[in-house]
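Colleague: Before we start, here is the structure in question, set down as structure tokens.
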Amino acid sequence: MMNYPVNMNIIPEVEAFFDEATNTISYVVKDPTSDACAVIDSVMDLDYAAARITHDSADRMIAHIKERGLNLEWIIETHVHADHLSAAPYIQQELGGKIGVGEGIMIVQETFGKIFNEGTEFQRDGSQFDALFKDGDTYEIGNLQAFAMFTPGHTPACMVHVLGNATFTGDTLFMPDGGSARADFPGGDAGVLYDSIMKVLSLPDEMRLFMCHDYGPNGRDIAWETSVAEEKANNIHVGGDKTKDDFVKFRRERDAQLAMPTLIIPSLQVNMRAGEVPKDKDGNPMLKVPINSL
């Protein structure tokens, strides 16, 4: 593992926002020594049946930032989500900030640009985003130095972001009783995902881990914060004495039984564009439904 600049003495303020419709947790993370903050994995609301987009989820985060007088510097996407739409451009329009994602976005854009039969006007170089992170890249939120860890496996563009003693795992890892995310999307790989999880679990035991999703297994209340130590000891897919072979076998068998996420078709089209809804030749917002392609 490369020498990441971990600083456990910095304790950022973390405010979580749970979206019940998609079981997504979004975050506002504040530098403890300034008014600077970042938004991580925002949600744009979509009533799929009515084909109607609203921004109630994003407005709650925007209101929180304004009420506290914070300065939004970064809008981070941990990966190209397949289960919810990003509100990044809407939040950026309201509050500013730079939109960042892992440089693997270019692989995702190339893959799904073909699946959705996007024309040459759809750029596949990640230029829709303000910043493309490489493994170990650092960036500042006020006085807080953050860094990105490349954690492919769920998708080829997944990045885990570490801000002081708080790590935002995206879909690389779930709560201990939730295990891990699927690895059967195009570009996913269970063995690679296991290696990425081990990279995350090589961080200090007391590192706080914040999940992007939670589904309340066995009827428990929704939760989103755990620790490296808790995951290493108790994660039902990778914890204890479970091996990489055990994980790969389980993940492949489990993934073969899973249905596609309800919002995968709109989510991919929007999120690979940094949250912008594609438009038809007349400039109207429009989504495609590729048949028998996923």
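No value in this document is a laboratory result; all are computed from the given coordinates. Note that the structure is a prediction, hence the values are computed from the model and not measured. Glycine gets a Cβ as well: all are built from the backbone with ideal geometry, and neighbour counts include every protein chain shown.
Colleague: Give the shape of the range 13-271 as rounded, prolate or oblate, defined through the alpha-carbon gyration tensor: a ≥ b ≥ c are the square roots of its eigenvalues, a/c under 1.5 means rounded, and otherwise the shape is prolate if a/b is larger than b/c and oblate if not.
Modeller: Judged from the Cα gyration tensor, the range 13-271 comes out rounded (a/c under 1.5).
Colleague: Between N234 and I264, what is the spin-label point distance in nm, taking each point 7 Å from the Cα along the Cα→C-beta axis?
Modeller: 3.1
Colleague: Follow-up question, since we're still on this one. Need the list of lysines near K288 for cross-linking: C-alpha distance under 20 angstrom, and skip anything on the same chain fewer than eight residues off.
Modeller: K114, K279
Colleague: Percent relative contact order of the chain, based on C-alpha pairs within less than 8 angstrom and at least six residues apart?
Modeller: 18
Colleague: Okay, moving on. Just the number, please: percent antiparallel of the DSSP beta bridges in the range 1-112, rounded to the nearest 5.
Modeller: 65
Colleague: Enumerate by residue number the trypsin sites (Lys or Arg not before Pro) in the range 227-294 meeting two conditions: DSSP loop (anything except H, G, I, E, B), and at most 16 other Cβ atoms within 10 Å of the site's Cβ.
Modeller: Taking the range 227-294 and a limit of 16 other Cβ atoms within 10 Å, the loop trypsin sites (Lys or Arg not before Pro) found are K242, K281, K288.
Colleague: Just to confirm a number: summing +1 for Lys and Arg and -1 for Asp and Glu over residues other than A223 whose beta-carbon lies under 10 angstrom from that of A223, what do you get?
Modeller: -3
Colleague: Follow-up question, since we're still on this one. Find how much the distance from R252 to M2 grows on full extension, using 0.36 nm per residue of separation minus their present alpha carbon separation; answer in nm with one decimal.
Modeller: 87.1 nm
Colleague: Further question on the same structure: Taking the range 146-220, which trypsin sites (Lys or Arg not before Pro) meet the DSSP loop condition and have no more than 14 other C-beta atoms within 10 Å?
Modeller: Sparse-neighbourhood loop trypsin sites (Lys or Arg not before Pro): R220.
Colleague: Test of the criteria: in the range 87-162, which chymotrypsin sites (Phe, Trp or Tyr not before Pro) are in a DSSP loop and have at most 11 other Cβ atoms within 10 angstrom of their Cβ?
Modeller: Within the range 87-162, no chymotrypsin sites (Phe, Trp or Tyr not before Pro) qualify (loop, at most 11 other Cβ atoms within 10 Å).
Colleague: Let me have the 222 nm mean residue ellipticity of the chain computed from DSSP H runs of 4+ only, each contributing -39500 (n - 2.57), with the sum over all residues rounded to the nearest 500.
Modeller: -7000 deg cm²/dmol
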